[in-house]
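Let me begin by presenting the structure, written as structure tokens, before commenting on it.
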Amino acid sequence: METTPPLRLSVLDQSPVRPGATPRQAILETVQLAQLADRLGYTRFWVSEHHNTQFLAGTTPEVLIAHLAGQTERIRVGSGGVMLPHYSALKVAENFRMLETLFPGRIDMGIGRAPGSDRFTAHVLNPGNQFSDEEFAEQLMDLKAYLFDEEVPDTVHAKVKAMPQAPTVPEPWLLSSSGQSGLFAAHLGMAFSFAQFINPNSGPKLMQLYRDRFQPSAFFQQPTANVAVFVLCADTEQKANELRAAMELQMLRIEQNRRGPFPTYEEARDYPYTDEERGRLAYNRGRILSGTPEQLHRQLTELARSYQVEEIVVVTITADFEDRLRSYQLLAEAFELALVAATV
């Protein structure tokens, strides 16, 4: 009888700066969370890239990855993701080759193309960046060539190699909230991660398109994918609803470009929502799953089934760090992650 593989869970952490905390505290909390995820049996721990915001401290994932990998033992560590249009493909390849040399078999190279900031900041990071499909596709092909030391006649790859050379390469993932990068991932034989925490629509359809178009490569012989979603788990349904209310208000503030400290439940409870704002709350509900461990076990299992994936990346942000830790702990227990990790 065919059995369904156990669902694997991973973490995407954005190093949020809590109300009253400092960026240093946010980074130290990311380290603490990575160590907890390592002990609990999560599969991977990704860190994000954001710029010019006071309330997300993660600006340089490749630097943070090096520290996190040194502070953990088993878990894969990677970027969710490096925004490739800001940089040269050679430099990204060198950064991740160095990480793979230091921590062989544990590094994920998650690549994105979004600004990770406002467009003005993106321009300052790379004044020549046009965010075009053609430029991004060319960068991806260059990145692949650098990672595998391809010697392509009449190109820079005949003369320039990414160092240091190593017997293994980081695992490459393309991240997307629209699907175009899924087509790039399929063409290049890379793994694909869909960001439902950004876009709650069309994810399963875009995931199937990736599978249908997938071409085997030196990276992967079979389509490899996961889906990322906001998750808020608590001991009681009431507590989970409170965490969700605060998250929904924060999403609304970001959409309205009113960035500030992450709100408390009391702020969300007392906020005077307009009818238009309530419409946005309804739309954003597809980006968040919340509840008790039992409820989330069912919801996440159904989500994985709809995407036909065996791994979900969990994004959790709360005003209180202990609530964040507790959410990940409860999920790990509900899915028996430690037991699953021990059998891999």
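Below, the figures for the structure above:
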| item | result |
| --- | --- |
| Residue within segment 106-119 that is more than 19 Å from GLU49 (Cβ to Cβ) and either exposed (fewer than 13 other Cβ atoms within 10 Å of the Cβ) or within 21 Å of the chain's Cα centre (by Cα) (or both) present | yes |
| Cβ pairs under 6 Å, 6+ apart, first in segment 317-329 and part of a helix (DSSP H, G or I), second of a type in the set (Ser, Thr, Tyr) and surrounded by 22 or more Cβ atoms within 10 Å (Cβ to Cβ) | ARG324/THR316; ARG324/THR318; SER327/THR316 |
| Positions within segment 58-75 being surrounded by fewer than 21 Cβ atoms within 10 Å (Cβ to Cβ) and either part of a loop (DSSP other than H, G, I, E, B) or within 13 Å of the chain's Cα centre (by Cα) (or both), in sequence order | THR59, THR60, THR72, GLU73, ARG74 |
| Residue in segment 257-265 that is within 30 Å of MET109 (Cβ to Cβ), open to solvent by 20 Å² or more (accessible area, probe 1.4 Å) and not hydrophobic (A, V, I, L, M, F, W, C) present | yes |
| Long-range neighbours under 9 Å by Cβ, at least six apart or interchain, first residue more than 11 Å from LEU84 (Cβ to Cβ) and of a type outside the set (A, V, I, L, M) within segment 117-140, second open to solvent by 80 Å² or more (accessible area, probe 1.4 Å) and not in a helix (DSSP H, G or I) | SER117/ASN52; ASP118/ASN52; ASP118/ASN257; PHE120/ASN52; THR121/ASN52 |
| Members of segment 172-196 that are open to solvent by 30 Å² or more (accessible area, probe 1.4 Å) and of a type outside the set (Ser, Thr, Tyr) | LEU175, GLN180, LEU183, PHE184, HIS187 |
| Matching residues, segment 162-186, being touching a helix residue (DSSP H, G or I) at 6+ places or on another chain (Cβ under 7 Å) and either more than 21 Å from GLY80 (Cβ to Cβ) or among the small types (Gly, Ala, Ser) (or both) | ALA162, MET163, PRO164, ALA166, SER176, GLY179, GLY182, ALA185, ALA186 |
| Scan of segment 157-171 for residues that are over 23 Å from the mean Cα position of the chain (by Cα) and either surrounded by 13 or more Cβ atoms within 10 Å (Cβ to Cβ) or not in a helix (DSSP H, G or I) (or both), ordered by number | HIS157, LYS159, VAL160, LYS161, ALA162, MET163, PRO164, GLN165, ALA166, PRO167 |
| Per-region count, segment 77-105, residues in contact with an Asp or Glu (Cβ under 9 Å, 6 or more places away or on another chain), open to solvent by 50 Å² or more (accessible area, probe 1.4 Å) and of a type outside the set (A, V, I, L, M) | 1 |
| Yes/no for LEU174 being of a type outside the set (Val, Ile, Thr), modelled with pLDDT of 95 or more, in contact with a strand residue (DSSP E or B) (Cβ under 9 Å, 6 or more places away or on another chain) and under 29 Å from LEU9 (Cβ atoms) | yes |
| Every pair of residues 6+ apart whose Cβ atoms lie under 8 Å, when the first sits in segment 241-254 and is over 23 Å from PRO293 (Cβ atoms) while the second is among the small types (Gly, Ala, Ser) | LEU249/ALA268; ARG253/GLY260 |
| Filtered residue count, segment 197-249, keeping only those that are in contact with a strand residue (DSSP E or B) (Cβ under 8 Å, 6 or more places away or on another chain) and open to solvent by 70 Å² or more (accessible area, probe 1.4 Å) | 2 |
| Within segment 41-57, tally of residues that are within 24 Å of LEU331 (Cα to Cα) and part of a loop (DSSP other than H, G, I, E, B) | 4 |
| Hits in segment 76-104 - residues which are touching a Ser or Thr at 6+ places or on another chain (Cβ under 7 Å) and over 18 Å from ALA26 (Cα atoms) | ARG76, GLU100, PRO104 |
| Residue list for segment 281-298, filter: in a helix (DSSP H, G or I), surrounded by 15 or more Cβ atoms within 10 Å (Cβ to Cβ) and either among the hydroxyl-bearing types (Ser, Thr, Tyr) or at pLDDT 95 or above (or both) | ARG287, PRO293, GLN295, LEU296, HIS297 |
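The values are calculated or read from the model by the stated rules, or taken from the named source; none is laboratory data. For clarity, every value in this text was computed on a predicted model and none was experimentally measured. Note that we place each Cβ from the backbone using ideal geometry, even for glycine, and neighbour counts take in every protein chain shown. Keep in mind that these areas ignore ligands, DNA and RNA; they rest on the heavy atoms of the full protein, side chains included. Shrake-Rupley method; radii C 1.70, N 1.55, O 1.52, S 1.80 Å.
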